[in-house]
Amino acid sequence: SRKRQIGPLSDVTGNPVIMVFLERDVFQLKRRVQGSPVLFRNTIRKALRESATVEDVDIEYAGATVAAKRVTILPFDGDRIPQQFVEFRNKSYQFTVSDAVPGGFFEIVSQLPDPENQGKILVSDRMVFNSKSDR
């Protein structure tokens, strides 16, 4: 029900799939706290530049185990976050990329843990690569 066709795209820098995912996420954040989409985008960009963790992982793709990188950020974690973002303090994004996957993109996961119930997730979104040959 959430499948989306994107494109055609021209003059795009970066992976458009990741941009579409993040734009949808920013819209959901704006709806929830009436914040500025520009502020959300800039906060996410800053976390990618300054505080991302990168780990080597193996993923299953096209019937094989392939090498990938998983980039994790918590953009709203920190001492200087605006008060309106406090409920997002532990919101995380994980980007899994691999040269073995066409376009480099394999998966994005965004999660917002419940601060009152350890281990429970309030909101989780996931987008995963699915080529026509994999269906």
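The values are calculated or read from the model by the stated rules, or taken from the named source; none is laboratory data. What you see is a predicted model; the values in this text were computed from it and never measured. Glycine also receives a Cβ, built like all others from the backbone with ideal geometry; neighbour counts cover every protein chain displayed. Calculation scope for accessible area: heavy atoms of the full protein, side chains included, ligands and nucleic acids excluded. Shrake-Rupley method; radii C 1.70, N 1.55, O 1.52, S 1.80 Å.
So the values come out like this:
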read-out	value
Single residue of Gly119, Gly103, Gly78 found to be closer than 24 Å to Val20 by Cβ, assigned to a loop (DSSP other than H, G, I, E, B) and small (Gly, Ala, Ser)	Gly103
Condition check for Arg45: assigned to a helix (DSSP H, G or I), at pLDDT 90 or above and open to solvent by 100 Å² or more (accessible area, probe 1.4 Å)	yes
Hits in the range 13-42 - residues which are open to solvent by 80 Å² or more (accessible area, probe 1.4 Å) and outside any helix (DSSP H, G or I)	Thr13, Gln34
Sole exception among (1) open to solvent by less than 20 Å² (accessible area, probe 1.4 Å); (2) closer than 26 Å to Lys120 by Cα for Ile81, by number	(1)
Matching entry among Glu55, Glu87, Glu60 (being open to solvent by 60 Å² or more (accessible area, probe 1.4 Å) and outside any strand (DSSP E or B))	Glu87
Long-range neighbours under 7 Å by Cβ, at least six apart or interchain, first residue within 14 Å of Glu50 (Cβ to Cβ) within the range 77-90, second loosely packed, with under 14 Cβ neighbours inside 10 Å and modelled with pLDDT under 75	none
Residue in the range 3-11 that is at pLDDT 90 or above and of a type in the set (Ser, Thr, Tyr) present	no
Cβ-Cβ under 8 Å pairs, at least 6 apart or on other chains, the range 22-41 side closer than 17 Å to Val109 by Cα, far side part of a loop (DSSP other than H, G, I, E, B)	Leu29/Gly35
